[in-house]
Amino acid sequence: GNAGAAAAPVAIRSLVRESCQTAYRELHGLLDSLAEQPDAGERKKLLLDYVQRTRHRMVRLLVAVRWAGEFGKYTDACGQAMELAQSRAGAFEMAADSLWAVHHTMLQAPLARYAVGPAVD
């Protein structure tokens, strides 16, 4: 995988909608299960399981909403900073490659023999 890649952003409204739809679907499934279940103890267990799952989902949603309210404004700035850093890294890499090519070319270039001694006199 791409360890440096960020996950795609998810809108809070999508999380809320999906959480509510899931709770609604599970509630309808629970109602069907309760109607078929003659044992009162088993019905209580099914109901308790549904309530615990739904509560857990809503607590996670609450944490996401609170986090987004407090820190969400920083995610755009961080994304822009990451894009800038990646573009600068690309520019530095190109510059380093160009300098290496110049260095390699200069090592193979014939040197002119200047008469330094008489020029100094």
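The values are calculated or read from the model by the stated rules, or taken from the named source; none is laboratory data. Small disclaimer: the values here were computed from a predicted structure and weren't measured. Methodologically, a virtual Cβ is constructed for each residue, glycine included, from the backbone with ideal geometry; neighbour enumeration extends over all protein chains shown. What goes into the accessible areas is simple: the full protein's heavy atoms, side chains included, and nothing from ligands, DNA or RNA. Shrake-Rupley method; radii C 1.70, N 1.55, O 1.52, S 1.80 Å.
Here are the numbers for this structure:
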| read-out | value |
| --- | --- |
| Pairs with Cβ under 9 Å, 6+ apart, first in region 53-69 and surrounded by fewer than 11 Cβ atoms within 10 Å (Cβ to Cβ), second among the hydrophobic types (A, V, I, L, M, F, W, C) and part of a helix (DSSP H, G or I) | Gly69/Ile12 |
| Among the candidates Met82, Met106, residue that is among the hydrophobic types (A, V, I, L, M, F, W, C), open to solvent by 100 Å² or more (accessible area, probe 1.4 Å), part of a helix (DSSP H, G or I) and touching a residue at least 12 places away in the same chain (Cβ under 8 Å) | Met82 |
| Residue in region 5-15 that is part of a loop (DSSP other than H, G, I, E, B), of a type in the set (Val, Ile, Thr) and open to solvent by 70 Å² or more (accessible area, probe 1.4 Å) present | yes |
| Residues of region 6-49 that turn out to be modelled with pLDDT of 95 or more, of a type in the set (S, T, N, Q) and more than 30 Å from Lys73 (Cα to Cα), as a count | 0 |
| Residue count, region 21-46 (criterion: in a helix (DSSP H, G or I) and loosely packed, with under 14 Cβ neighbours inside 10 Å) | 16 |
| Residue in region 91-106 that is among the hydrophobic types (A, V, I, L, M, F, W, C) and under 21 Å from Val10 (Cβ atoms) present | no |
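Let's see how each residue does on (1) assigned to a helix (DSSP H, G or I); (2) more than 30 Å from Glu26 (Cα to Cα); (3) modelled with pLDDT of 90 or more:
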{"position": "Val51", "(1), (2), (3)": "yes, no, yes"}
{"position": "His56", "(1), (2), (3)": "yes, no, yes"}
{"position": "Val63", "(1), (2), (3)": "yes, no, yes"}
{"position": "Glu70", "(1), (2), (3)": "yes, yes, no"}
{"position": "Lys73", "(1), (2), (3)": "yes, yes, no"}
{"position": "Asp76", "(1), (2), (3)": "yes, yes, no"}
{"position": "Gly90", "(1), (2), (3)": "yes, yes, no"}
{"position": "Met94", "(1), (2), (3)": "yes, yes, yes"}
